[in-house]
Amino acid sequence: MHVVIVGNGIAGMEAALAVRARQPGWDITIVSEESDHLLARTALMYVFTGQMRAVDIEPLERDAYVRHRLRRVRGRAIGIDTAKKRLRLAGETTSLDYDRLLVACGSRPRPGPWPGAELRGVGSFVTMSDLAWLEREARGDAPLVDVPAGDARSPYARRAAAATTRGHHATKPVVIGGGLIGIEVAEILAAEKLAPRFVMRDEWFWPMALDAREAGWIAEHMRAHGVQVELEADVVRLDGDAHGLVTHVVTKDARHEADVVVVAIGVVPNTDWLDGALPLEPKSGAIVVDEGLATSVPDVFAAGDCAGVRWWDGTVRPEQLWYTARDQGRIAGARLAGESAMYARGTWYNSAKLFDVEYTTVGRVGADLPAERTLFLEERGAVRSTVRLVSSEERFVGANLLGRRWDHSVLAEWIDEGRTLDWVISHLLEASFDTELVPPLRAARQAWAES
């Protein structure tokens, strides 16, 4: 039996390891275009800042492919012949026949929809080639990470830097888009003392995750670190010079100088290359799968950022998180190996750092939730933190927490158990996870009671 996996991200690699654990004698081939090794894409910012090397963001040992007998093919998938069970590739290896196929090709940056988005000096921060490009733009010297030139049609292709033509590094960076990738780029450019301008069209930063009070604190924190935060700024176009280099970002109310522009308006499933071979969800472009991550094409599965799964509200769309891609990969691997398995998403959670502010979210806290009760607690003192707890139909359904570390698994367990909001408040300290040298949370209880 020959299993072919398109993509060596966390979904593809977890699937490969799951197949190998169940089927020691099968052939497994992993097709990857960007890198020979699994990358923790969320850690690109630490490579940029010099806190980690590129090899340090590889979660698996480099000999894992040999030890688990995983064949690697470096190349770009360009189509699937489902009748012949054949994956078509660009490059030296032109095709691979498969018995079972997993498409785990991830996502690609959403391109800017404005005139001028194709100008030199405009890019994203999602791939290794993006990292190399931004290093060149921000510093003007050779990047720490070298990447092959690649196919110009690929999201992993090397991008030429405007700094090379200008003869100096960027001094007027602009970041467009108010989400996690955007704030990461703003942070690393601020660390370079470049005072980036952070442009977003919404009323406050990251409204899909934060409310106005939480986002107001984060915006204040960004400004304190030298970021020029521009809210409710709709981009109209990007202007360039006679050499095709970006020079300005034009919004509905202003025209800002820019010699490098990072577009961080999200990612989309990397499914254009399928060309009708698999059914796609019309709105997101994600591959339609059933509860077991199988497509409607026999022996073809999909997992990770490119797969459209059913959410709690009944919609079908991709889950673009490291954790969910990992979990989907494990289920897809079981299915590829012949087992019956179902993907059960479970209670949503995520964590990040917004500059140096800890962020944890668990459950449902969005504005679309018909919440009957919301409790907001704020701590100001040796530590600044906020806690937002949400209940619906007398049950605790979600929490947003900033400024301190929390154990998301404890909070998720309380949601699954149907605890009341009053019960959660009385037991909240059990979910605290403060690190050493941080004043304990118990000291904040009185401040909470008075807020």
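State whether the chain is rounded, prolate or oblate according to the following rule on the C-alpha gyration tensor (a ≥ b ≥ c being the square roots of its eigenvalues): a/c under 1.5 gives rounded; otherwise a/b larger than b/c gives prolate, and the remaining case gives oblate. The shape class here is oblate. Counted residue by residue at 0.36 nm each, then reduced by the alpha carbon distance between them, the extension gain from F433 to A21 reaches 144.9 nm.
In terms of Cα atoms, the Rg and Dmax of the range 168-289 work out to 16.8, 50 Å.
Could you list the residues of the range 171-196 with an amide nitrogen less than 20 Å from a label point located 7 Å from the Cα of W114 in the Cα-to-C-beta direction? 171-187, 189-190, 195-196, by backbone N distance to the label point. For L102, the residues whose modelled amide H falls within less than 5 Å of its own, excluding neighbours fewer than 5 places apart on the same chain, are V4, I5, V6, F301.
Computing FRET efficiency as 1/(1 + (r/R0)^6) for A160 and A90, where r is the C-beta to C-beta distance and R0 is 30 Å, gives about 0.90.
Karplus-based coupling profile of the range 75-83, in residue order and whole Hz: x, 9, 6, 10, x, 10, 9, 5, 5, with θ = phi - 60° in 6.51 cos²θ - 1.76 cosθ + 1.60 and x standing for Gly or Pro. Applied to the range 116-125, the Karplus parametrisation 6.51 cos²θ - 1.76 cosθ + 1.60 on θ = phi - 60° returns per-residue 3J(HN,Hα) values of x, 5, 8, 5, 6, x, 10, x, 10, 9 Hz, with x for Gly and Pro. Under the simplified labelling scheme, the H225-A43 pair shows an inter-label distance of 1.9 nm, with each label point 7 Å from Cα along Cα→Cβ.
In this calculation the C-beta distance from V316 to A382 is compared with R0 = 45 Å, giving a FRET efficiency of 0.45.
Positive-end ranking of W348, W312, G292 along the dipole of the range 266-350, with charges on Cβ about the Cα centre, is headed by W348. The helix-based estimate of mean residue ellipticity at 222 nm for the chain, built from -39,500 (n - 2.57) per DSSP H run of four or more residues and divided by its residue count, is -6500 deg cm²/dmol to the nearest 500. The Cα center of the range 254-270 and the Cα center of the range 41-61 differ in position by 23 Å.
Give me the percent of the accessible area of the range 306-351 that comes from carbon and sulfur atoms, probe 1.4 Å, all protein chains in place. Taking all protein chains in place, the range 306-351 shows 51 percent carbon and sulfur surface. Backbone phi angles across the range 148-160, fed through the Karplus curve with coefficients 6.51, -1.76 and 1.60 (θ = phi - 60°), yield HN-Hα couplings of x, 4, x, 7, 4, 7, 8, x, 9, 5, 5, 10, 6 Hz in residue order; Gly and Pro are listed as x. With a Förster radius of 22 Å applied to the C-beta separation of Q51 and N350, the computed FRET efficiency comes to 0.55. The trypsin sites (Lys or Arg not before Pro) of the range 349-405 that meet both conditions, a loop assignment by DSSP and at most 13 other Cβ atoms within 10 Å of the site Cβ, are R380. Extension gain for K252-D299 works out to 11.9 nm (0.36 nm per residue, less the C-alpha to C-alpha distance).
Annotation: extensible slack from H168 through A212 equals 12.0 nm (criterion: 0.36 nm per residue apart, minus Cα-Cα distance).
The values are calculated or read from the model by the stated rules, or taken from the named source; none is laboratory data. Please read these numbers as outputs of a predicted model, since none were measured by experiment. Note that we place each Cβ from the backbone using ideal geometry, even for glycine, and neighbour counts take in every protein chain shown. Surface accessibility is based on the protein's heavy atoms, side chains included, excluding ligands, DNA and RNA. Shrake-Rupley method; radii C 1.70, N 1.55, O 1.52, S 1.80 Å.
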